[in-house]
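Just so it is clear, none of the values below were taken in a lab; they were calculated from the coordinates. This is a predicted model, so every value here is computed, not measured. Counting neighbours? That spans all protein chains shown, and the Cβs are built from the backbone with ideal geometry, glycine included.
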Amino acid sequence: MARTVLRPRGQLTLPQEVRDALRIAEGDDVEFVLTDDGVLMRGLKSIPAEQAWFWTQEWQAGEQEASRQADAGEGTVFTDGSSFLDSLR
């Protein structure tokens, strides 16, 4: 069990094991959701706008497929740029 003390102005210092469980670091947002059973706390990561394309469902599906193919040993490995460019022609 982790504990902390509420300080003036409503401030808390989250114990390290809680920060680790939430996968948060300094500067990350924390969301609190009121539920019938109490409060749910979630760590949130902000994604820079110029990197948002990587986190779209379509792109992530492609990443998962590429990982599956790599794990299965599918695909071609190129040892140099010329071989790769030749394969495109």
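Examine the stretch 1-15 for a residue that is assigned to a loop (DSSP other than H, G, I, E, B), β-branched (Val, Ile, Thr) and exposed (fewer than 10 other Cβ atoms within 10 Å of the Cβ), and state whether such a residue exists. Within the stretch 1-15 (the criterion being assigned to a loop (DSSP other than H, G, I, E, B), β-branched (Val, Ile, Thr) and exposed (fewer than 10 other Cβ atoms within 10 Å of the Cβ)), the answer is yes, since at least one residue qualifies. Of all the residues in the stretch 25-44, those that are out of contact with any Lys or Arg (no Cβ under 8 Å at 6 or more places or on another chain), on the phi < 0 side of the Ramachandran plot and in a loop (DSSP other than H, G, I, E, B) number 3. Among the residues of the stretch 37-89, those identified as small (Gly, Ala, Ser) and under 30 Å from Leu14 (Cβ atoms) are Gly38, Gly43, Ser46, Ala49, Ala52. Applying the set (1) surrounded by 10 or more Cβ atoms within 10 Å (Cβ to Cβ); (2) under 21 Å from the mean Cα position of the chain (by Cα); (3) among the hydroxyl-bearing types (Ser, Thr, Tyr) to Ser83 leaves exactly one unmet item: (2).
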